[in-house]
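Worksheet: the structure to be examined is printed underneath.
The values are calculated or read from the model by the stated rules, or taken from the named source; none is laboratory data. What you are looking at is a predicted structure, and each value in this text was computed from that prediction instead of being measured. A quick note on method: Cβ atoms are made from the backbone with ideal geometry, for glycine too, and the neighbour counts reach across all protein chains shown. Accessible surface is based on the protein model in full, side chains and every heavy atom, while ligands, DNA and RNA are left aside. Shrake-Rupley method; radii C 1.70, N 1.55, O 1.52, S 1.80 Å.
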Amino acid sequence: MSVLTRDEAQTRAKLLDVHRYEIDLDLTHGDELFHSRTAIHFTVRGNQETTDTFVELKPAELRSVTLDGKPLDPDSLTLDENRLPLKDLTAGNHELRIDTTMRYSRTGEGMHRFTDPTDGETYVYTQLFMDDVQRVFPAFDQPDLKAVFELTVKAPEGWTVLANGITEQQDDGSWRAAPTPPISTYLVAAAAGPWHSVRTEHRGLPFGIHCRRSLAPHLDADADEILDTTRACFDRYHEKFEEPYPFDSYDQAFVPEFNAGAMENPGLVTFRDEFVYRSAVTDTERQTRAVVIAHEMAHMWFGDLVTLKWWDDIWLNESFAEYMGYQTLTEATRFTGTWVDFGVTRKGWG
């Protein structure tokens, strides 16, 4: 795989303004592959006559590419590892459409697919940090090329689709998510399956927590605690930051086989579903879960609304969310001993 360098990213950021992605995912083609169709609307800056750049993707099959309504020459559809060259681009507005088949992941990168051995139900969800968006749809994949994302998902009957924005089922059975504000490619998120959901509203926004159906009794048992923590932190962050929450909803999905602790996707935070406790646990474990909830919510402002330009600033993104999580939990909830836990379990990492 060609790894994008910082110099390449800086060059491309000077060349392009990326405005909007229209992404259409079809999850009804079996348990190995899904279809992904994307339109990218972008502008090439500059006064030079033509210029070259590239878009990144990692498909199982690249079926077609059109640029400004014209199919690209078949000879130019050869990927250079994960890069599709775009040659002789003129200054001005362009529309790139790419039709691909993608492969589900079983290791947490891209679109992860899981079948619950308890009841046979299947769930899929995205994990796109740092560069795994390319396993789901093509993108100018760097954090400073933010864009609006419009997502449509065709899913099997009986599934619910969650995304960064409020989703609604259409007359044809597909699900459409509200367009996002401008966000980075690695923060786009979707989760689909027969979720068990607990929904409420806070400060005029829909809030929800979600898990696989086989864990429903365990989520229900802790729903009040999880939502109370969420609401308390949400209110305290508004007091701290003074900037209103920038997205249209707040969903938290506890997903299976997650290869991280949690991910701050705007409007759809994903957590490893080990945080849905199946048996009696200590209050320290409950506090740990609450700290992660507070940490990921801090990212809604610091990380999602305001985002690093390049990955060498990830330390600040994470360190600030860590600090905010512990501080805010202490200020806003019953968990007032969080700094002791921080000193024991987290400070050593620094």
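Having 2 or more residues that are in contact with a Gly (Cβ under 7 Å, 6 or more places away or on another chain) and closer than 24 Å to GLU157 by Cβ is the bar; report the strands (runs of 3 or more DSSP E) wholly within region 179-242 that clear it.
196-202
Could you list, in sequence order, the residues of region 161-189 that are over 13 Å from the mean Cα position of the chain (by Cα), open to solvent by less than 50 Å² (accessible area, probe 1.4 Å) and more than 13 Å from TYR21 (Cα to Cα)?
Result: VAL161, THR167, GLY173, SER174, TRP175.
Condition test on ALA60, is it assigned by the TED database to the domain that holds PHE140 and among the small types (Gly, Ala, Ser)?
yes
Need pairs with beta-carbon distance below 6 Å; first residue open to solvent by 20 Å² or more (accessible area, probe 1.4 Å) and within region 213-224, second not aliphatic (A, V, I, L, M); sequence gap 6+ or separate chains.
ARG213/GLU121; ARG213/PRO194; ARG213/HIS196; SER214/ASP116; SER214/THR118; SER214/ASP119; HIS218/ARG278
Can you pull out every residue in region 256-277 that is without any contact (Cβ under 8 Å) to a residue 60 or more places away in the chain and hydrophobic (A, V, I, L, M, F, W, C)? Even if it seems obvious, please write down each step before you answer.
Step one: list which residues in region 256-277 are without any contact (Cβ under 8 Å) to a residue 60 or more places away in the chain, which gives 261-262, 269, 271-272, 274-275, 277.
Within region 256-277, ALA262, VAL269, PHE271, PHE275 meet the criteria.
Give me the residue from region 25-48 that is small (Gly, Ala, Ser) and surrounded by fewer than 20 Cβ atoms within 10 Å (Cβ to Cβ) and, out of that set, farthest from the chain's Cα centre (by Cα).
Going residue by residue through region 25-48, those that are small (Gly, Ala, Ser) are 30, 36, 39, 46.
Filter once more, so that each one left must be surrounded by fewer than 20 Cβ atoms within 10 Å (Cβ to Cβ): 30, 39, 46.
Values: GLY30: 23, ALA39: 18, GLY46: 32 Å.
Here the residue is GLY46.
Restricting the first residue to region 324-350 and requiring it to be exposed (fewer than 14 other Cβ atoms within 10 Å of the Cβ), which pairs with a second residue that is in a helix (DSSP H, G or I) meet a Cβ separation below 6 Å and a spacing of at least six or different chains?
THR336/THR330
Scan region 246-289 for residues that are among the hydroxyl-bearing types (Ser, Thr, Tyr) and open to solvent by less than 20 Å² (accessible area, probe 1.4 Å) and jot them down. Before you say what the answer is, go through the steps one by one.
At the first step, the residues of region 246-289 found to be among the hydroxyl-bearing types (Ser, Thr, Tyr) are 249-250, 270, 277, 279, 282, 284, 288.
Answer for region 246-289, where residues must be among the hydroxyl-bearing types (Ser, Thr, Tyr) and open to solvent by less than 20 Å² (accessible area, probe 1.4 Å): SER249, TYR250, THR270.
Any idea which of LEU151, LEU128 is of a type in the set (A, V, I, L, M), under 18 Å from ARG272 (Cβ atoms), modelled with pLDDT of 95 or more and within 13 Å of the chain's Cα centre (by Cα)?
Unique residue meeting the criteria: LEU128.
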